[in-house]
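Inspection log for the structure reproduced underneath, given as structure tokens.
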Amino acid sequence: MEHNIQSIAETTTILKTKVQNLTVENQKLKEEKANDKKTLEQLKHKIDDLESRQKRNNLIFHGIQQTDSRETWEECEKKIKKAIAEKLEMSEEIKIDRAHRLFSRSSPRPIVVCFTEFKQRVSVLRARGKLLSGTGVSVQEDYTPRVRAIRKELAPHITRLRNEGKKAKMVYDHINVDEVAEAGAATPAVIIVVTVVVVVVVVVVVVVTVVVVVVVVVVVVVVVVVVVIVEVVVVAV
């Protein structure tokens, strides 16, 4: 009987050690999951940065007349150059890499324009104030989805600041107030493949973590039951 009790006690000690090891392993998995989440956020920012760089020379024109739903890029380019020459009164030759209509429910659909030279893009953007006087045409920068979401979130704040009499201006993804920046909270289609791969990896890691946690819980329950049985046997003896 004493031998059996000793054997059970040794088994219990071994099980406790294994549970401790599993607990440590589970903690490591949690840390790895946290690191994976951090890596995913970093990748999202890198993707957003790459997309921003690709949009660097872009501007979006609203209100450019559309007479044909099958309008070609050449026709879009001609209309943009005409609008810039007539409405913005810019005499220099504008060089455009590409111009096409965006998918939109509004009519006429906006035209996204990629300028060959960044300095010309800046000149057009600076001159857009001339479009506000009854032309029906407007120009805006081509931001990534992340930046658009942040700007939408910041819109009420810039309105509030201006109502308070402060000089506030929205610049990219933050607000400048009297030369002091109020940062926007980053509250993740250029590299779709990379995004999909990252998401799949994260999902796999999460699934594995959940499985390990379930196994640990089951083992802990079994150990507790065994310990209780051993204690009952010891008391009975």
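Readers should treat all values here as calculations from the given coordinates under stated rules, not as data from a laboratory. Values in this document were obtained by computation on a predicted structure and should not be read as measured data. All Cβ positions, glycine included, derive from the backbone under ideal geometry; neighbour counts span all protein chains shown.
Cα to Cα, under 23 Å, and not fewer than 8 places away if on the same chain: which lysines meet these conditions relative to Lys37?
Result set, ordered by chain and number: Lys28, Lys46.
What is the gain in length, in nm to one decimal, between Arg70 and Ser104 on full extension, counting 0.36 nm per residue of separation less the C-alpha to C-alpha distance? Don't skip to the answer; put the middle values down first.
Working: separation 34, 0.36 × 34 = 12.24 nm, distance 1.40 nm.
Here the segment from Arg70 to Ser104 would lengthen by 10.8 nm.
Over 29 Å between Cα atoms, which of Lys55/Lys78; Lys55/Lys81; Lys33/Lys169; Lys33/Lys55; Lys30/Lys152 qualify?
Details: Lys55/Lys78 21 Å; Lys55/Lys81 19 Å; Lys33/Lys169 39 Å; Lys33/Lys55 33 Å; Lys30/Lys152 34 Å.
Too far apart for the 29 Å limit: Lys33/Lys169; Lys33/Lys55; Lys30/Lys152.
What percent does the relative contact order of the stretch 94-145 come to when contacts are Cα pairs within less than 8 Å and at least six residues apart? Could you put the intermediate results ahead of the total?
On the way: 43 pairs, mean separation 14.1, N = 52.
Answer for the stretch 94-145 is 27 percent.
Considering the zone a paramagnetic label at Lys78 would reach in this model (a point 7 Å from Cα along the Cα-to-Cβ line), which residues of the stretch 52-68 have amide N under 13 Å from it?
So the set is 67-68.
Could you calculate the contour length gain from Lys169 to Thr13, that is, 0.36 nm times the residue separation minus the distance between their Cα atoms, to one decimal place in nm? Write down the numbers at each step before the final one.
On the way: separation 156, 0.36 × 156 = 56.16 nm, distance 6.64 nm.
Length difference between fully extended and current span is 49.5 nm.
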